[in-house]
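Colleague: This structure is in structure tokens; I'll ask about it shortly.
The values are calculated or read from the model by the stated rules, or taken from the named source; none is laboratory data. Everything numeric in this text was worked out from a predicted model, so none of it was measured. Cβ placement follows ideal geometry from the backbone for every residue including glycine, while neighbour counts extend to all protein chains displayed.
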Amino acid sequence: MDETFISAWMKHTEIYESPGSFWKWGAYASIAALLRDNCYLKQGDRLLFPNIYVLFLAESGTRKGPPVDLSETLLTKVNVTKIISGRASVQAILDELSRAETDRKTGKITKAGSAIFYAAEMAAGIVADPEALKILTDIYDYKTNPYKSRLRTGPCFNLERIVFSMLAASNEAMLKGLFGVAEIQGGFLARIFLVTPNEQRPPNSLMRLDPEERKKSLSNVLSLFTKISSLRGEFQIEEDAICEYEAWYKSFKLDYQKKKEVSGIIGRIHTSALKLALILAANRNSLIVSKQDMEKAIDECVSLLPNYSVFTMTNGRNEESNAAGIVMGDLLGAKNYMMPRKELLRKNFQILTAEGLDKISVNLEQAGMAQQILGQDKQIWIRLTPTALGMCGVKVVN
């Protein structure tokens, strides 16, 4: 199989401690930003562009920043996409989007309307504003007609072709001040690919690397990345890819239409899968979406579903619901979706008491979400039920 940008990127970054899931989704976001408004999929009278919002969600110390930094480095070197990073208000972001820029050295023009926003810490990157995430929600989808900004203060402008991506990172503690009920239930969360760590890599001091080898490896990644920037035009989807997509989407909607889900991700997952399929095709330097691209995109999107369930539970309206969400999250990440009661207490001693965990366990049992069982080690274990796993998007195999 020919080497692609993503395969080269993943090989180049395998020495780092950041989880592979962060590197992979960092690569997807990089391609999305590189494609800008150059490539699209026709859907009736509308156009679908492969722009995406990616948010890494993990505790401090999990090395969320390096994938964000490397993506920005590559986009800066290719220099065809407007980059907005650091601390900014959403109004300043819109202002940046409205302006075309000319590189003083090369004379290359970076068109207005398309950009990527980088925030190694999302809560710090976006200046507090009750309208910020609402506006980011609004500009995610391509507008057939110009996007207009008319404020009493600040510039007035029209954005003719707005295609906006984002790659950001944060932890739940920082996001509590940014994500409220409106952001979770109003569509912003549903537009985000919410990525959590998929592994814990071994420590690496990075002090024994060969500088020339690293330079050669990065040059190869950049070369493969740059080639993608030449893609132009309309994506086409092969017939077997269409059949794969339709078969999945119809059954998926039927399975989930009766299940309560507050974030809206289920209602938008088909669009997310299509966007990712376009990105995977572009990674092969192609505008033809294959069945393999579609299968991969669907699998990737479905695998993220538990992250939304845990996030909405741990951002509840009271401390008790938050604690219950944290317990659910720990169980979802555990082997066979079960943990000893003692281990749950030790892991969450700062927020959970024995009495509090007992109350949560009883509530989960009564809701049919969990069971308490006596293990062979004579410890009490708490295990998620198939009902809970199904609600969190985990496919249960009987």
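Colleague: I'm trying to understand the selection: among the residues of the range 363-374, which are without any contact (Cβ under 8 Å) to a residue 12 or more places away in the chain and over 19 Å from Arg346 (Cα atoms)?
Modeller: Residues satisfying the conditions are Glu365, Gln366, Ala367.
Colleague: How many residues are over 25 Å from Gln236 (Cβ atoms), polar (S, T, N, Q) and in a loop (DSSP other than H, G, I, E, B) when one looks only at the range 12-47?
Modeller: Looking only at that region, the number is 2.
Colleague: Then there is this: Among Phe5, Phe22, which is the only one that is among the aromatic types (Phe, Trp, Tyr), under 22 Å from Ser219 (Cα atoms), out of contact with any strand residue (DSSP E or B) (no Cβ under 8 Å at 6 or more places or on another chain) and modelled with pLDDT of 95 or more?
Modeller: Working: Phe22 fails: out of contact with any strand residue (DSSP E or B) (no Cβ under 8 Å at 6 or more places or on another chain).
It is Phe5.
Colleague: Can you tell me which of (1) loosely packed, with under 14 Cβ neighbours inside 10 Å; (2) modelled with pLDDT of 85 or more is the one Val396 doesn't meet?
Modeller: (2)
Colleague: When you go through Asn198, Asn220, Asn204 one by one, which is the residue that is assigned to a loop (DSSP other than H, G, I, E, B) and out of contact with any Ser or Thr (no Cβ under 8 Å at 6 or more places or on another chain)? Give the derivation first.
Modeller: Numbers: Asn198 fails: out of contact with any Ser or Thr (no Cβ under 8 Å at 6 or more places or on another chain); Asn220 fails: assigned to a loop (DSSP other than H, G, I, E, B).
So the residue among Asn198, Asn220, Asn204 that is assigned to a loop (DSSP other than H, G, I, E, B) and out of contact with any Ser or Thr (no Cβ under 8 Å at 6 or more places or on another chain) is Asn204.
Colleague: Now for a separate question. Only one residue in Ser223, Ser290 is at pLDDT 95 or above and exposed (fewer than 12 other Cβ atoms within 10 Å of the Cβ). Which one?
Modeller: On the way: Ser290 fails: exposed (fewer than 12 other Cβ atoms within 10 Å of the Cβ).
Criteria check complete, one pass: Ser223.
Colleague: Kindly provide the set of residues from the range 334-350 that are surrounded by 12 or more Cβ atoms within 10 Å (Cβ to Cβ) and touching a residue at least 12 places away in the same chain (Cβ under 8 Å), ordered by number. Step through it out loud before you land on a result.
Modeller: We begin by selecting, within the range 334-350, every residue surrounded by 12 or more Cβ atoms within 10 Å (Cβ to Cβ); these are 334, 337-345, 347-348.
Residues satisfying the conditions are Tyr337, Met338, Met339, Pro340, Arg341, Lys342, Leu344, Leu345, Lys347, Asn348.
Colleague: Would you check which residues across the range 29-52 are among the hydroxyl-bearing types (Ser, Thr, Tyr) and buried (at least 24 other Cβ atoms within 10 Å of the Cβ) and list them? Full working, then the answer.
Modeller: Kept after step one, since they are among the hydroxyl-bearing types (Ser, Thr, Tyr), are these residues of the range 29-52: 30, 40.
Selection gives Ser30 alone.
Colleague: With the structure loaded, tell me whether Ile83 is among the hydrophobic types (A, V, I, L, M, F, W, C), at pLDDT below 70 and within 27 Å of Ser230 (Cα to Cα) or whether it fails that test. Steps first, answer last, please.
Modeller: Details: among the hydrophobic types (A, V, I, L, M, F, W, C): yes; at pLDDT below 70: no; within 27 Å of Ser230 (Cα to Cα): yes.
It is false that Ile83 is among the hydrophobic types (A, V, I, L, M, F, W, C), at pLDDT below 70 and within 27 Å of Ser230 (Cα to Cα).
Colleague: Could you check the range 346-361 and list, in sequence order, the residues that are at pLDDT 80 or above, of a type outside the set (Lys, Arg) and closer than 24 Å to Phe311 by Cβ?
Modeller: Of everything in the range 346-361, those that are at pLDDT 80 or above, of a type outside the set (Lys, Arg) and closer than 24 Å to Phe311 by Cβ turn out to be Gly356, Leu357, Ile360, Ser361.
Colleague: Let me ask something additional. Mind checking which residues of the range 152-176 are within 23 Å of Asn38 (Cβ to Cβ) and at pLDDT 65 or above?
Modeller: Of the range 152-176, the ones within 23 Å of Asn38 (Cβ to Cβ) are 157-167.
Residues satisfying the conditions are Asn158, Leu159, Glu160, Arg161, Ile162, Val163, Phe164, Ser165, Met166, Leu167.
Yes/no matrix, rows are residues, columns are (1) under 18 Å from the mean Cα position of the chain (by Cα); (2) at pLDDT 95 or above:
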site	(1), (2)
Gly233	no, yes
Glu246	no, no
Ile265	yes, no
Ala277	yes, yes
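Colleague: With the checklist (1) assigned to a loop (DSSP other than H, G, I, E, B); (2) under 25 Å from Ser309 (Cα atoms); (3) modelled with pLDDT under 65; (4) not hydroxyl-bearing (Ser, Thr, Tyr) in hand, flag the one item Lys105 doesn't pass.
Modeller: Every listed condition holds for Lys105 apart from (2).
Colleague: I'm checking my understanding of the structure. Among residues of the range 228-240 that are without any contact (Cβ under 8 Å) to a residue 60 or more places away in the chain and in a helix (DSSP H, G or I), which one is surrounded by the fewest Cβ atoms within 10 Å (Cβ to Cβ)?
Modeller: Here is the first cut: in the range 228-240, the residues without any contact (Cβ under 8 Å) to a residue 60 or more places away in the chain are 230, 236, 238-240.
Narrowing the set further to residues that are in a helix (DSSP H, G or I) leaves 239-240.
On the way: Glu239: 8, Asp240: 13.
Here the residue is Glu239.
Colleague: As an exercise: evaluate Trp9 against (1) assigned to a helix (DSSP H, G or I); (2) farther than 28 Å from Arg214 by Cα and give the number of the one condition it does not meet.
Modeller: Status for Trp9: all satisfied but (2).
Colleague: Report, by residue number, each residue of the range 5-20 that is buried (at least 20 other Cβ atoms within 10 Å of the Cβ) and of a type in the set (Ser, Thr, Tyr).
Modeller: Within the range 5-20, Thr13, Ser18 meet the criteria.
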